[in-house]
Amino acid sequence: MELYSGHINRLIEELAALPGIGNKSAQRLAFHLINMPKDRVDRLAGAILDAKEHVRYCRECYTLTDQEVCPVCANARRNKKQIMVVENSRDLAAYEKTGKYEGVYHVLHGAISPMLGIGPADIKLKELVNRLRDDVEEVIIATNSSLEGETTAMYISKLIKPSGVKVTRIASGVPVGGDLEYIDEVTLLRALEGRIEL
Ligand code: ZN
C-alpha cells in the first residue's frame, strides 16, 4: 500500500530530485507546500516558470541574465581585456559584491570532473577560447580550489597559453573545496590581488 496519495508522491519525487534535498526534506517540503495558502503556491510556481522562461545566458560571458547582454558586459567602463573565469553565476556575484574588480567574467557552468563524467566539452570552454580573438590581455582563472577546480584551471592554462595571452590563477587561501560564494570579500580580494602567472 502506498503511504501517500499519488499526487503527494509525485511532488515528493520531484522535490527529492533537486540537489541537496534528500527524501526526508522532500517530504517535509511537500507537506509544507500542501499546507500553504493557494495564492502563495501560485506565486512560487509562477516565479519558477518565469525564471525558467526569461533567464538565459549572456551573449558574451554566459552568466545567467534577463537580458541579451548582462549588466557587467553592457557596462562600457569595464575592462574587456581582462577576463575572470568562474565556475558559476554565484561565484561571479561573489566577486561583484567586492566592487573592486573592473574586468569582465566568463562563466563555465561547471568544472571538469572525470569522476562525474564531466569533460571539457560539457562546460563553456570553447566559448572562452572564442572570446580570446578580441585582443584579451589577461585571463584570470578563479575556479574553486577543489580537485575539479584545479583540474579545470590546469586545462584552461594549457589551452590558452600557446595563444600568448597572460594566464593567472587566483592565490590559494581560498579554503579547499569551499565554494567561492561563501568566502568573505577580504579573502576574495586577497586571492585576486595575490594571483600568480601560470
Ligand atoms: Zn555578460
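The values are calculated or read from the model by the stated rules, or taken from the named source; none is laboratory data. For clarity, every value in this text was computed on a predicted model and none was experimentally measured. Note that we place each Cβ from the backbone using ideal geometry, even for glycine, and neighbour counts take in every protein chain shown. The protein model used for the area step is the full one, side chains on, heavy atoms only, and it has no ligands, DNA or RNA in it. Shrake-Rupley method; radii C 1.70, N 1.55, O 1.52, S 1.80 Å.
At a 1.4 Å probe radius, carbon and sulfur cover how many percent of the accessible area of segment 1-160? Reported share for carbon and sulfur atoms: 56 percent. Note on Lys126: lysines with a C-alpha under 21 Å away, same-chain residues under 8 apart excluded, are Lys80, Lys81, Lys158, Lys161, Lys166. The label-point distance for Ile8 and Val186, in a model that sets each label 7 Å from Cα toward Cβ, rounds to 5.0 nm. The label point for Lys80 and the one for Ala171, both projected 7 Å from the Cα toward the Cβ, are 3.2 nm apart.
In the context of the full set of protein chains, residues of segment 89-162 present 50 Å² of accessible surface per residue (probe radius 1.4 Å, heavy atoms only).
Rounding to the nearest 10 and keeping the result within 0 to 90°, find how far the Cα-based axis of helix 38-54 lies from the longest principal axis of the chain. Helix 38-54 and the main axis of the chain meet at about 30 degrees. For the chain, the Stokes-Einstein estimate of translational diffusion at 25 °C and a viscosity of 0.890 mPa s comes to 130 µm²/s, using the Kirkwood hydrodynamic radius over alpha-carbon pairs. Can you give the log10 of the normalised intensity I(q)/I(0) at q = 0.10, 0.16, 0.17, 0.21 Å⁻¹, computed with Debye over equal Cα scatterers of segment 76-169? Computed log10 I(q)/I(0) values: -0.24, -0.61, -0.69, -1.05. Rounded to the nearest 10 degrees, the angle from helix 89-98 to the longest Cα principal axis of the chain is 60 degrees.
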